[in-house]
1. Provide a single number: the residues in segment 73-102 that are open to solvent by 80 Å² or more (accessible area, probe 1.4 Å) and either in a strand (DSSP E or B) or acidic (Asp, Glu) (or both).
2. Filter segment 156-179 for residues that are in a loop (DSSP other than H, G, I, E, B) and open to solvent by 70 Å² or more (accessible area, probe 1.4 Å) and give the result.
3. Just to verify a result, which residue in segment 1-49, among those that are β-branched (Val, Ile, Thr), under 29 Å from the mean Cα position of the chain (by Cα) and not in a loop (DSSP other than H, G, I, E, B), is surrounded by the most Cβ atoms within 10 Å (Cβ to Cβ)?
4. Of the residues 105, 121, which single one is farther than 26 Å from residue 23 by Cα, modelled with pLDDT of 95 or more and either part of a loop (DSSP other than H, G, I, E, B) or among the aromatic types (Phe, Trp, Tyr) (or both)?
5. If we scan segment 127-138, do we find a residue that is in contact (Cβ under 8 Å) with a residue 12 or more places away in the chain, under 19 Å from residue 98 (Cβ atoms) and either open to solvent by 100 Å² or more (accessible area, probe 1.4 Å) or polar (S, T, N, Q) (or both)?
6. Which of the following residues is open to solvent by less than 100 Å² (accessible area, probe 1.4 Å) and either free of Cβ contacts under 8 Å to residues at least 12 places away in the same chain or under 29 Å from residue 69 (Cα atoms) (or both): 115, 142?
7. Given (1) part of a strand (DSSP E or B); (2) on the phi > 0 side of the Ramachandran plot, where does residue 153 come up short, assuming only one miss?
Amino acid sequence: MENKYVFANSISGDEIKILRKSLGLTQAEFASFVNVSVKTIERWEIQKTPIKGEIVTLCRLIREDMDCVERFQVPEWRGPLRLWYGRGEETYTIIDVSPQQRKVIIYNFTQNVMRRAFGKIESPTYEQYEAFLESRCFPRSRDKMKLMLEELDLPFYDPLMIIEKTQGRMADDDFWLKVERRKQW
């Protein structure tokens with residue numbers, strides 16, 4: 001038997017506009033959230049014929065969980081260092097770090113603990129952050145480590161510097177880490 005779903009087949013432009021405004025989003029912000037162009041949102045909102053496609057289901061899901069927009073919003077920086085952790089094109093965890101204060105703040109964007117940078121841990125310590133960084137690098141004890149460091153053009157073993165060169169990629173999985181440094185903090 002084929003599964004069936006309760007979603008409507010279409011939505012009106014007025015319904016999209018009402019939803020966007022109830023979320024307090026501009027057309028550009030809503031376009032970014034639903035992953036379409038601003039021109040598409042503009043067209044939908046004035047369109048008199050029914051709109052079909054994935055946006056119908058997405059709007060229904062958003063109406064059922066209006067907080068989802070905030071849950072997936074990139075938070076304001078809270079440290080001089082920001083790491084993005086994910087797989088493919090998905091970001092699962094953002095990590096804000098203040099090395100001087102030895103403070104780590106994480107934002108998880110998935111319920112799946114297997115995809116989160118720190119698994120079940122919601123408030124990692126600085127030591128857990130350092131261990132996480134090291135887990136995304138080749139081991140300190142690796143044979144011919146000096147050759148690997150030379151190949152990366154690094155003077156010594158430093159997990160963060162290694163990750164900046166390798167994006168934290170490992171042979172046994174397809175997760176990545178992107179490092180951003182805030183210019184002024």
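The values are calculated or read from the model by the stated rules, or taken from the named source; none is laboratory data. Small disclaimer: the values here were computed from a predicted structure and weren't measured. Cβ: placed from backbone, ideal geometry, glycine included. Neighbour counts: every protein chain shown. These accessible areas exclude ligands, DNA and RNA; they are computed on the full protein's heavy atoms, side chains included. Shrake-Rupley method; radii C 1.70, N 1.55, O 1.52, S 1.80 Å.
1. So the answer is 3.
2. Taking segment 156-179 and keeping what is in a loop (DSSP other than H, G, I, E, B), we get 156-158, 167-174.
Residues satisfying the conditions are 156, 167, 169, 171, 172, 174.
3. Here is the first cut: in segment 1-49, the residues β-branched (Val, Ile, Thr) are 6, 11, 16, 18, 26, 34, 36, 38, 40-41, 46, 49.
Next, from what is left, pick out any that are under 29 Å from the mean Cα position of the chain (by Cα): 11, 16, 18, 26, 34, 36, 38, 40-41.
Adding the requirement that they be not in a loop (DSSP other than H, G, I, E, B) leaves 11, 16, 18, 34, 38, 40-41.
On the way: 11: 21, 16: 20, 18: 14, 34: 20, 38: 14, 40: 15, 41: 24.
Within segment 1-49, the match that is surrounded by the most Cβ atoms within 10 Å (Cβ to Cβ) is 41.
4. On the way: 105 fails: either part of a loop (DSSP other than H, G, I, E, B) or among the aromatic types (Phe, Trp, Tyr) (or both).
From the options 105, 121, the qualifying one is 121.
5. Yes, segment 127-138 contains a residue that is in contact (Cβ under 8 Å) with a residue 12 or more places away in the chain, under 19 Å from residue 98 (Cβ atoms) and either open to solvent by 100 Å² or more (accessible area, probe 1.4 Å) or polar (S, T, N, Q) (or both).
6. Working: 142 fails: open to solvent by less than 100 Å² (accessible area, probe 1.4 Å).
Of the residues listed, the single one that is open to solvent by less than 100 Å² (accessible area, probe 1.4 Å) and either free of Cβ contacts under 8 Å to residues at least 12 places away in the same chain or under 29 Å from residue 69 (Cα atoms) (or both) is 115.
7. Going through the list (1) part of a strand (DSSP E or B); (2) on the phi > 0 side of the Ramachandran plot, residue 153 breaks only (1).
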